[in-house]
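**Q** First the structure, then my questions, so here it is.
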Amino acid sequence: MIADSDERLVAWALLSRAALTAPAAVRGLLAAHGPLEAAERIAADARNSRIRPQTRAVAAHDLDRAHRFGGRLLTREDPGWPGMLADLDTIDAFAPIALWTRGPGQLNLLTEHAVAVVGARACTSYGQKVATSIASGLAAQGWTVLGGGAFGIDAAAHHAALDAGRPTVAVLPCGLHRLFPHGNAHLLASVEETGLLVSEYPPGVEPSRPHFLARNRIVAALAAGIVVCEAGIRSGTANTVRWGNELHRPVTAVPGPIDSAASRGCHDLIRTGHGQLVVDAHDVLGVLAQ
């Protein structure tokens, strides 16, 4: 059980849940008053139209539930908090108030040298081969492979990092009470063994389309750079790329067959200058070194 005396952690848990509906208001209260008073004001003002009423009991339940499945709450006061997340506030993208994690990894250390390896969920065998090759190469050079734990390119990259004996980080679009998507549960359990599962959502929050898009900003912020292995012209990967460009993270893309619809998104990134052409991990690291 979470000790009642740990008021500060309960306050952060309350702020984490309140930020789901009113991130700007919570950020303002936190900046003006600190976590304890900000949480007190939110809990006391049930009539506040900007913030859905929250209680310390709900926050304590979130912490207790996370503790039961081996999770913990990482706050901005924790030495393991990655400083690069603050870049999100510079583009009014709302850095997460706190992060829920599962696994032995320390997020700031794992993301000190991390590359987001992303792409289509419905990837081809070519895209899977590219993701595996690049992720393996990055892992061999001591870099952390970062992704969203999704099917397709994400899964291939996480698998490659694990096969190379390196921890990897997956940012999920829901609370960590479940391993999502269910079809990747075994993979995500393996990620948790040596690396880290991360979410801004408290236990019990289910995945939704807005959560998928919001998750992408965290992936982009935590990465030193982004490599798109395969993506169609309307792939959701474009959202991660947009965040990467806004955050001034180098974006790279791997070309595919000229007649492959599955690679049109990569070709468009290269053609428009929004992504630099790469073919392997050596190229990716060369771009990051520029």
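The values are calculated or read from the model by the stated rules, or taken from the named source; none is laboratory data. No experiment lies behind these values; they were computed from the predicted model shown. A quick note on method: Cβ atoms are made from the backbone with ideal geometry, for glycine too, and the neighbour counts reach across all protein chains shown.
**Q** Hey, can you tell me all the residues within segment 207-256 that are assigned to a loop (DSSP other than H, G, I, E, B) and under 18 Å from Thr111 (Cα atoms)? Show your work before the answer.
**A** Let us first name the residues in segment 207-256 that are assigned to a loop (DSSP other than H, G, I, E, B), namely 207-208, 223-224, 229-236, 247-250, 254-256.
The answer is Ala223, Ala224, Leu247, His248, Arg249, Pro250.
**Q** Does Gly137 qualify as being farther than 30 Å from Ala22 by Cβ, in contact (Cβ under 8 Å) with a residue 40 or more places away in the chain and surrounded by fewer than 24 Cβ atoms within 10 Å (Cβ to Cβ)?
**A** Values: farther than 30 Å from Ala22 by Cβ: yes; in contact (Cβ under 8 Å) with a residue 40 or more places away in the chain: yes; surrounded by fewer than 24 Cβ atoms within 10 Å (Cβ to Cβ): yes.
In short, yes.
**Q** If the Cβ limit is 6 Å and pairs must be 6+ apart or interchain, which residue in segment 89-106 that is at pLDDT below 95 pairs with which residue that is part of a loop (DSSP other than H, G, I, E, B)?
**A** That search, which allows pairs on different chains as well, returns Asp89/Ala95.
**Q** Output yes when any residue across segment 103-122 is farther than 30 Å from Asp280 by Cα and not acidic (Asp, Glu), and no when none is.
**A** Going through segment 103-122, the residues farther than 30 Å from Asp280 by Cα turn out to be none.
Scanning segment 103-122 turns up no residue that is farther than 30 Å from Asp280 by Cα and not acidic (Asp, Glu).
**Q** Let me ask something else about it. Within segment 99-114, take every residue that is among the hydrophobic types (A, V, I, L, M, F, W, C) and not in a helix (DSSP H, G or I) and give me the one that is surrounded by the fewest Cβ atoms within 10 Å (Cβ to Cβ). Give the derivation first.
**A** Taking segment 99-114 first, the residues among the hydrophobic types (A, V, I, L, M, F, W, C) are 99-100, 107, 109-110, 114.
Then drop every residue that is not not in a helix (DSSP H, G or I), which leaves 99-100, 114.
Details: Leu99: 27, Trp100: 26, Ala114: 23.
Among those residues, the one meeting the criterion is Ala114.
**Q** From the set of residues in segment 257-277 that are within 20 Å of Asn239 (Cα to Cα) and assigned to a loop (DSSP other than H, G, I, E, B), which is farthest from the chain's Cα centre (by Cα)?
**A** That would be Gly273.
**Q** Specify which of the listed residues (Gly256, Gly265) is crowded, with 23+ Cβ neighbours inside 10 Å, assigned by TED's automatic domain parsing to the domain that holds Gly149 and more than 23 Å from Ala140 (Cβ to Cβ).
**A** So the residue among Gly256, Gly265 that is crowded, with 23+ Cβ neighbours inside 10 Å, assigned by TED's automatic domain parsing to the domain that holds Gly149 and more than 23 Å from Ala140 (Cβ to Cβ) is Gly265.
**Q** Right, next: Would you pick out the residues in segment 115-127 that are touching a residue at least 60 places away in the same chain (Cβ under 8 Å) and part of a helix (DSSP H, G or I)?
**A** Of everything in segment 115-127, those that are touching a residue at least 60 places away in the same chain (Cβ under 8 Å) and part of a helix (DSSP H, G or I) turn out to be Tyr126, Gly127.
**Q** Test of understanding: among Leu99, Leu73, which residue is in contact with a strand residue (DSSP E or B) (Cβ under 9 Å, 6 or more places away or on another chain) and closer than 21 Å to Ala24 by Cβ? Don't jump to the end; show me each part of the working.
**A** Working: Leu73 fails: closer than 21 Å to Ala24 by Cβ.
The conditions single out Leu99.
**Q** Val191 - would you say it is more than 24 Å from Ala93 (Cα to Cα), assigned to a helix (DSSP H, G or I) and either in contact (Cβ under 8 Å) with a residue 12 or more places away in the chain or among the aliphatic types (A, V, I, L, M) (or both)?
**A** yes
**Q** Additional query: Could you list, ordered by first residue, the pairs with Cβ atoms under 8 Å in which the first is in segment 54-71 and at pLDDT 95 or above and the second is buried (at least 16 other Cβ atoms within 10 Å of the Cβ) and among the acidic types (Asp, Glu), at least 6 apart or interchain?
**A** Here the result reads Gly70/Glu192, each pair linking segment 54-71 to a residue that is buried (at least 16 other Cβ atoms within 10 Å of the Cβ) and among the acidic types (Asp, Glu).
**Q** Would you mind stating whether Leu277 is surrounded by 16 or more Cβ atoms within 10 Å (Cβ to Cβ) and either closer than 16 Å to Gly152 by Cβ or among the hydrophobic types (A, V, I, L, M, F, W, C) (or both)?
**A** Values: surrounded by 16 or more Cβ atoms within 10 Å (Cβ to Cβ): no; either closer than 16 Å to Gly152 by Cβ or among the hydrophobic types (A, V, I, L, M, F, W, C) (or both): yes.
So Leu277 fails the test.
**Q** Still on this structure, please answer the following. Tally up the residues in segment 237-290 that are under 23 Å from Leu88 (Cβ atoms), among the charged types (D, E, K, R) and in contact (Cβ under 8 Å) with a residue 12 or more places away in the chain, please.
**A** Here the count works out to 2.
**Q** Checking the conditions here, which among Pro167, Pro181 is in contact with a strand residue (DSSP E or B) (Cβ under 8 Å, 6 or more places away or on another chain), of a type outside the set (A, V, I, L, M, F, W, C) and either assigned by TED's automatic domain parsing to the domain that holds Cys266 or modelled with pLDDT under 95 (or both)?
**A** Numbers: Pro181 fails: in contact with a strand residue (DSSP E or B) (Cβ under 8 Å, 6 or more places away or on another chain).
Checking each option against the conditions leaves just Pro167.
**Q** While we're here: Go through the residues of segment 136-146 one by one and say whether even a single one is closer than 22 Å to Arg242 by Cβ and not in a loop (DSSP other than H, G, I, E, B).
**A** yes
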